[in-house]
Amino acid sequence: MEAGLFNYQEPSFTFGQSDPTKVKKDNEKNRRLFNVVKPADESPREENKGRKGPVDIFPNLHLLETPWRSVNWTSESRGELMEKVESYKPAGGAVSRARVLFLGPVGAGKSSFISSVQSIFSGRVLNRAMVGSSSASFTKKLQSFQIRQSGEIPLPMPLVLCDIMGIGEGDSTGLSLYDALCVIKGHVIEGHQFSAEEPVRSDNTEFIKEPSLKDKIHCVVFVVDASKINSYAKGLSSTFQQLREKISSLGVHQVALLTHVDEVCTQTSRDISQVYRSCQVQQLMVKAGALLGMALSYIVPVRNYSSQLDLDDNMDILLLSAVDHILQYTDLYFQDTAVEYKVQLEM
Ligand SMILES: Nc1nc2c(ncn2[C@@H]2O[C@H](COP(=O)(O)OP(=O)(O)O)[C@@H](O)[C@H]2O)c(=O)[nH]1
Ligand SMILES: [Mg+2]
């Protein structure tokens, strides 16, 4: 399965390796293929520690001559992507709105991504989804955001992005596996307040006992912070594996966003259109793939709006490409469930 949008070229195109998923399996070999010197220590350099602003995580890596995914960085392309997303309709017509859930550790940029998408369509940078700055989860409840079209009459789009509490990094804090699955299966009502001490209870009056297709989550998006890939707690990987296993067994497809790419590469920070030429970002995407247990083709990098006051065409292109990527996998779910749903309707 592959997202068509990016006109995806395997990293091998540049490096002579045929399977992108192999990249993560053999880092040593790749370092040779990448023809770069392995930094002795992959943690930030001493002079960068405690410094604000981008830190080159792999300081000896350079920009690739050819980007490993091709993106059209023009305002026309931005317009086309906006139109594509605005004209989205859930495949099969079984539901009127696609519901997408964002899962990831606190601070990964889940709320910021939702806010960034809303910003693009409203024409100015907004902070609607509650973006936090503390290490504890700012978002504790299930909160759904219906994305609205651009223009004078912002008609609602058939797309709902669901924000939720951050998952714990393998400890007992944060959203539990059980609660996350309850949301995905459609048992949890809008606004439900999550608590690490009190899981969702099936005997609660608010519990949706027999959720229909419209109540369920149709695609899960994992969100991880590129600047923290090397420092996430060890338990996070197994949390992701468990989540992925259970979510896959429900037939729900998953993709991933690698956020904060501006903080790991100075060149990308200066110019986001360099993102697919940045070896640093590419290396971190491979690492994100290993952390999530996902092939590279499911993962896309983004830079969310955080400090900017104005929209930027290239940031929008990357963000809209991510939305398009998500929608492709959302539709796969509708295609998979269409037959089942048709049977239900006919009964
Ligand atoms: N530089 C940068 N900052 C980001 C990015 N995404 C999120 N942030 C910042 O990271 C912090 C946590 O983001 P938030 O969306 O609240 O994370 P959440 O806990 O996953 O919802 C906020 O201060 C955001 O402004 C990004 O892509 N780049
Ligand atoms: Mg949040």
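The values are calculated or read from the model by the stated rules, or taken from the named source; none is laboratory data. Just so it is clear, the structure is predicted and the values come from calculations on it, not from any experiment. Here the Cβ is made from the backbone with ideal geometry for all residues, glycine too, and neighbour counts use every protein chain on show.
A few comments on the model shown:
- Scanning segment 59-79 finds no residues that are at pLDDT below 95, over 21 Å from Cys162 (Cα atoms) and either within 16 Å of ligand 1 (Cβ to nearest atom) or in a helix (DSSP H, G or I) (or both).
The rows are residues; the columns are (1) surrounded by 14 or more Cβ atoms within 10 Å (Cβ to Cβ); (2) modelled with pLDDT of 95 or more.
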| residue | (1), (2) |
| --- | --- |
| Lys140 | yes, no |
| Ile147 | yes, yes |
| Ile153 | no, no |
| Glu169 | yes, no |
| Leu175 | yes, no |
| Tyr178 | no, no |
| Ile184 | yes, yes |
| Val200 | yes, no |
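- Filter pass, Leu243 being surrounded by 22 or more Cβ atoms within 10 Å (Cβ to Cβ), of a type in the set (A, V, I, L, M) and over 21 Å from Ile114 (Cα atoms): yes
- Scan segment 90-107 for residues that are in a loop (DSSP other than H, G, I, E, B) and loosely packed, with under 15 Cβ neighbours inside 10 Å and the total you get is 1.
- Close pairs (6 angstrom Cβ cut-off, 6 or more residues apart or separate chains): under 16 Å from Ser116 (Cα atoms) and touching a residue at least 60 places away in the same chain (Cβ under 8 Å) in segment 73-93, of a type outside the set (A, V, I, L, M, F, W, C) and in a loop (DSSP other than H, G, I, E, B) anywhere: Glu86/Gln149
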